[in-house]
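The values are calculated or read from the model by the stated rules, or taken from the named source; none is laboratory data. Computed from a predicted structure; not experimentally measured. Because the Cβ atoms are built from the backbone with ideal geometry, glycine has one as well, and the counts that use them run over all protein chains shown. With ligands, DNA and RNA removed, areas are computed over all heavy atoms of the protein, side chains included. Shrake-Rupley method; radii C 1.70, N 1.55, O 1.52, S 1.80 Å.
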Amino acid sequence: MRCLTAIGLMSGTSLDGVDAALVRTDGEKIVSHGPGLSLTYSPELRARARDLLSRAATLSSEDPELRSVERDLTLRHIEAVQILRQKTDTVDLIGFHGQTILHAPERRLTWQIGDAALLSRETGLPVIHDFRSADVAAGGEGAPLAPWYHAALLREHEGPVAILNIGGVANVTLVEADGSIHACDTGPGNALLDDWAFLHTGTACDVDGALARSGSVHEDILEPLLADPYFSRPAPKSLDRLTFQRAMTAVSALSPQDGAATLVAFTVEAIRRTPLPRPPAAWYVCGGGRHNPVLMEELERALPAPVLPVEKLGWNGDDLEAECFGFLAVRALRKLPLSAPTITGAPSCLTGGRLTCSGLVPPALWSEG
């Protein structure tokens, strides 16, 4: 199998923008990492996308505002691709996650918006997209999908090791000494804290953990939140960004500082209580949450093993998820699994993703599917 150069695109549940990164891979091994970049969404686009999340359960796929937001999000992705292409000689394909606006695997439904046809036309590249639907249709959780990439990166690293991704939702990958993979969403990540910080400060996140550091945790609010049935479910399991939105109501009477401290404690304690087959020897953290020093300090206090940013492994934590979807695009092209019973709860190892191409598939891809 020849290696391909893919641009991976990821717009996560934090709704802050699009990450793009280059990766060269055969879908099993990573040959090299290219440059990456992040383009933020304007406050207006972020607000419109956030409104779609709130209404997604009742939205029609033909809703004019949904289509307008989808186009504007896609145009921002196109801009990211065009900038990144200036930094490399060859790109074979794009892995396009899109923006999740609804994730309800219990209803066999997951919804990512993004116009793959427009992306392909404007870039002239084939696009692999719709990574989650096949898994959900088969009864899987549709998430997380990054564990395949984490395991590929850890091929030469002795397990058991946990990779903790703290985006809008937090998820964990445990790679054991024999290479077996276990994963699930742990609970809220940054989403609640971001919404709380924006409500009280007008900024998109709790910058440097300033609010949380000066607040106190209210255990009388925290413990009922942790009594949610989600936390007693066995893994694999997954969440929608708004699953724990009621936490915002629970902390609503608190000061901005105490509310932030309590929401950080909610994220940390949900991670600590996540059932794993065996304790990891170390936790490596990626996602925006690793930039919050209070969150990282509280994880270090709560977890019985070292907690370190993934940069300690030589990885770029800001590019990791985007790289992942470039990697998964090549896996999808090769019909390799994107899900598994111990990762998403699928009944078997299933492939997924769809290919959209505005013209002829480049000759380099014919042999790959």
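In region 60-86, which residues are part of a loop (DSSP other than H, G, I, E, B) and exposed (fewer than 12 other Cβ atoms within 10 Å of the Cβ)? Lay out the reasoning, then the answer.
First, the residues of region 60-86 that are part of a loop (DSSP other than H, G, I, E, B): 60-63, 86.
Those that are part of a loop (DSSP other than H, G, I, E, B) and exposed (fewer than 12 other Cβ atoms within 10 Å of the Cβ): Ser60, Ser61, Glu62, Gln86.
Conditions: (1) farther than 21 Å from Ser216 by Cα; (2) small (Gly, Ala, Ser); (3) open to solvent by 40 Å² or more (accessible area, probe 1.4 Å); (4) out of contact with any His (no Cβ under 7 Å at 6 or more places or on another chain). Ala282 meets all but one. Number of the miss?
(3)
Only one of (1) in contact (Cβ under 8 Å) with a residue 60 or more places away in the chain; (2) assigned to a loop (DSSP other than H, G, I, E, B); (3) more than 23 Å from Leu295 (Cβ to Cβ) fails for Ala143. Which number is that?
For Ala143, the exception is condition (3).
Spot the failing condition for Arg272; the list is (1) over 20 Å from the mean Cα position of the chain (by Cα); (2) open to solvent by 50 Å² or more (accessible area, probe 1.4 Å), and only one is missed.
Condition not satisfied by Arg272: (1).
Looking at Ala21, Ala57, Ala47 in this structure, which one is closer than 19 Å to Thr203 by Cβ and either among the hydrophobic types (A, V, I, L, M, F, W, C) or open to solvent by 50 Å² or more (accessible area, probe 1.4 Å) (or both)? Break it down stepwise before answering.
Details: Ala21 fails: closer than 19 Å to Thr203 by Cβ; Ala57 fails: closer than 19 Å to Thr203 by Cβ.
Being closer than 19 Å to Thr203 by Cβ and either among the hydrophobic types (A, V, I, L, M, F, W, C) or open to solvent by 50 Å² or more (accessible area, probe 1.4 Å) (or both) holds for just one of Ala21, Ala57, Ala47, which is Ala47.
Within region 10-51, how many residues are assigned to a loop (DSSP other than H, G, I, E, B) and not hydroxyl-bearing (Ser, Thr, Tyr)? Steps first, please.
The first filter runs over region 10-51 and keeps only residues assigned to a loop (DSSP other than H, G, I, E, B), leaving 12-16, 26-29, 41-42.
When the remaining residues are screened for being not hydroxyl-bearing (Ser, Thr, Tyr), the result is 12, 15-16, 26-29.
Selection size over region 10-51: 7.
Would you call Glu106 under 29 Å from Ala57 (Cα atoms) and open to solvent by 10 Å² or more (accessible area, probe 1.4 Å)? Full working, then the answer.
Working: under 29 Å from Ala57 (Cα atoms): yes; open to solvent by 10 Å² or more (accessible area, probe 1.4 Å): yes.
Taking the combined requirement at face value, the residue satisfies it.
Out of Gly215, Gly259, report the one residue that is closer than 16 Å to Ala197 by Cα and outside any helix (DSSP H, G or I).
Of the residues listed, the single one that is closer than 16 Å to Ala197 by Cα and outside any helix (DSSP H, G or I) is Gly215.
Taking the condition out of contact with any helix residue (DSSP H, G or I) (no Cβ under 7 Å at 6 or more places or on another chain), buried (at least 21 other Cβ atoms within 10 Å of the Cβ), outside any loop (DSSP other than H, G, I, E, B) and modelled with pLDDT of 95 or more, does Gly345 pass?
On the way: out of contact with any helix residue (DSSP H, G or I) (no Cβ under 7 Å at 6 or more places or on another chain): yes; buried (at least 21 other Cβ atoms within 10 Å of the Cβ): yes; outside any loop (DSSP other than H, G, I, E, B): no; modelled with pLDDT of 95 or more: yes.
So Gly345 fails the test.
Which residue is farthest from the chain's Cα centre (by Cα), if the candidates are limited to region 109-122 and must be over 26 Å from Ala340 (Cα atoms) and surrounded by 20 or more Cβ atoms within 10 Å (Cβ to Cβ)?
Of region 109-122, the ones over 26 Å from Ala340 (Cα atoms) are 115, 117-122.
Narrowing the set further to residues that are surrounded by 20 or more Cβ atoms within 10 Å (Cβ to Cβ) leaves 115, 119-120.
On the way: Asp115: 19, Leu119: 20, Ser120: 23 Å.
The residue in question is Ser120.
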